[in-house]
Amino acid sequence: MVFSSVFFIFYFLPAALLVYYAVPQKIKNIALTLISYVFYGWANPLFVLLMLASTLIDYVAGLVQGYNGFCFKGEPPELKEGEPRSKIQRGAMIASVVSNLAILGFFKYHNFACRNACALLEVLGLPGLGHTMNVVLPLGISFYTFQSMSYAIDVYRGHAKPMKSFGDFACFVAMFPQLVAGPIIRFSEIARQLTERTHASDKFARGVAFFAFGLAKKALLANPCGKLADVCFDSLPVHALHAWLGAFAYSFQIYFDFSGYSDMAVGLGLMFGFVFARNFDMPYRSLSITEFWRRWHISLSSWLRDYLYIPLGGNRKGKGRTYLNLILVMLLGGLWHGAGWTFVIWGGFHGIMLALERMNGKKPFYHRAPAWLQTLLTFLLVTFAWIFFRCGTLPEALLYIKCMFSASAAGTFHGLIEGILFKPYHLISFACAGICIWGCRDTWEFTQELAPIKLFAVFLLFAVSVLLLFVQSYNPFIYFIF
């Protein structure tokens, strides 16, 4: 089930809000958890059992650490930061990390590992693996395993108090607004909200505005730009002009697709009384790759920093180790996005750029250029990297890049492609996407105060977006597959 669907907007969400606000305050978390299980299990109910298993593992791990054993009596004490941990506490934290990574590794990387093992055996002239099991990737597993695992780590570090109520903890893990595509919510960020959040009309109104703007980003900008990108990427070889247009269109699509989803998630959270952290801060206005990663998918960037980069040593073990850590973290970040070598290359490219900028004092090599040119060059670098992110295989990505720099390349469907790309609707959508990225305020700033004129804009955008949903056949969410 996707947020940008008629069924979700007019059936599931109203029913969920009705149930949530009808039940007493003390069981709202349980109601929201059950609603979230229905949402997550809509496509495959068995996936709920997997999420429940991950939830139970981390819940028990948190209690074992808090009580320093299995005698769960009274309120669990909060571990103090910097104090030594017992073997039981350390073992509980390790069990949580290993279990979550094992679940993520099996479901996300089993098929990838088998394909590469078969290819390696074939190169070596050895017998293949024979028939291997094809594992279906559960929606959102990359997000909720990271989120759930970080709870046990935070308890171990003394950054969060163990939660005694399983219902409240299950609500934290399963909360449907951010369940399948983020943002990655840390327990410490909403621990108090799980028990003491407020429900107010102004909060609900801002939530509606967030949802409307997110839906508009998706329906009005991401979908038509995605259509442009698909036409170019799926029709190789293409003319250089078409290749560049497709690359820019994909940059626009993935931004508006994911930031639109994040806006909708934040808006839904507000409707249910939760305040989530910002996940995008106009990243294509960045002057460097380092700044880009402070603005893009902020919840993942900060997660990788706090739970991977810093434990690896961060910048505390010399310059060489710092550069290596940056590259390694981004390589793993790329692999987290998808089980494929193109994702590894995408992560490695960003890791190398971050290391080079760190060598240059966290500045790009073009830092002496005017600000507008720095922004343009950063966007071009990010767009170049997105090609590997978008293409299914490395040969396909290399062919696409070749087309971008070969004016003579033109495929069989050259005339048909032009007929699709240069339709007024697609060109206007593409232009509007650029204007919104570099010339408009972001949702966070726009919804700080909702004056009547803004409310009218919210209503208008929502109405137009919903009308488009009835006629659009192209409506994917890119990050659902991660």
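The values are calculated or read from the model by the stated rules, or taken from the named source; none is laboratory data. Values in this document were obtained by computation on a predicted structure and should not be read as measured data. No Cβ is skipped: glycine too gets one built from the backbone with ideal geometry, and neighbour counts run over all protein chains shown.
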Which of the residues belonging to region 312-326 are of a type in the set (A, V, I, L, M, F, W, C) and either more than 19 Å from residue 292 (Cα to Cα) or surrounded by fewer than 17 Cβ atoms within 10 Å (Cβ to Cβ) (or both)?
-> 312, 324
Just give me the residues in region 85-126 being without any contact (Cβ under 8 Å) to a residue 40 or more places away in the chain and touching a helix residue (DSSP H, G or I) at 6+ places or on another chain (Cβ under 7 Å), in sequence order.
-> 88, 95
From the option list 245, 220, single residue qualifying as within 26 Å of residue 7 (Cα to Cα) and either in contact (Cβ under 8 Å) with a residue 60 or more places away in the chain or of a type outside the set (Lys, Arg) (or both) is 220
From the set of residues in region 1-15 that are touching a residue at least 60 places away in the same chain (Cβ under 8 Å) and of a type in the set (A, V, I, L, M, F, W, C), which is farthest from residue 216 (Cα to Cα)?
-> 13
Residue 372 meets each of (1) free of Cβ contacts under 8 Å to residues at least 40 places away in the same chain; (2) more than 29 Å from residue 144 (Cα to Cα); (3) crowded, with 19+ Cβ neighbours inside 10 Å with one exception, condition (3)
Some residue of region 243-261 being aliphatic (A, V, I, L, M), outside the structural domain of residue 14 (by TED's automatic domain parsing) and out of contact with any helix residue (DSSP H, G or I) (no Cβ under 7 Å at 6 or more places or on another chain) | no
In region 431-461, what count of residues is obtained for those that are farther than 24 Å from residue 251 by Cα and in a helix (DSSP H, G or I)?
-> 9
Run down 73, 87, 108 and say which single residue is of a type in the set (Lys, Arg) and either in contact with a Gly (Cβ under 7 Å, 6 or more places away or on another chain) or closer than 30 Å to residue 393 by Cα (or both).
-> 108
Taking the stated definitions as given, is residue 205 small (Gly, Ala, Ser), over 19 Å from the mean Cα position of the chain (by Cα), farther than 22 Å from residue 299 by Cα and not in a loop (DSSP other than H, G, I, E, B)?
-> yes
Filtered residues of region 164-191 (kept if modelled with pLDDT of 90 or more and either more than 15 Å from residue 25 (Cβ to Cβ) or not assigned by TED's automatic domain parsing to the domain that holds residue 62 (or both)) = 166, 169, 170, 172, 173, 174, 175, 176, 177
Is at least one residue of region 182-196 within 22 Å of residue 37 (Cα to Cα), among the charged types (D, E, K, R) and in a loop (DSSP other than H, G, I, E, B)?
-> yes
Starting from residues that are of a type in the set (A, V, I, L, M) and at pLDDT below 90, keep the ones in region 381-426 and report whichever is surrounded by the fewest Cβ atoms within 10 Å (Cβ to Cβ).
-> 407
How about region 56-85: which of its residues are farther than 11 Å from residue 162 by Cβ and exposed (fewer than 12 other Cβ atoms within 10 Å of the Cβ)?
-> 70, 71, 73, 74, 80, 81, 82, 83, 84
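Give region 54-76 a look and list any residue that's over 33 Å from the mean Cα position of the chain (by Cα) and not small (Gly, Ala, Ser), or say none.
Matches in region 54-76: 67, 68, 70, 71, 72, 73, 75.
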Check region 145-155 and report whether any residue there is assigned by TED's automatic domain parsing to the domain that holds residue 18 and farther than 20 Å from residue 308 by Cβ.
-> no
Filter region 1-44 for residues that are among the hydrophobic types (A, V, I, L, M, F, W, C) and not in a helix (DSSP H, G or I); the one that is surrounded by the most Cβ atoms within 10 Å (Cβ to Cβ) is 3
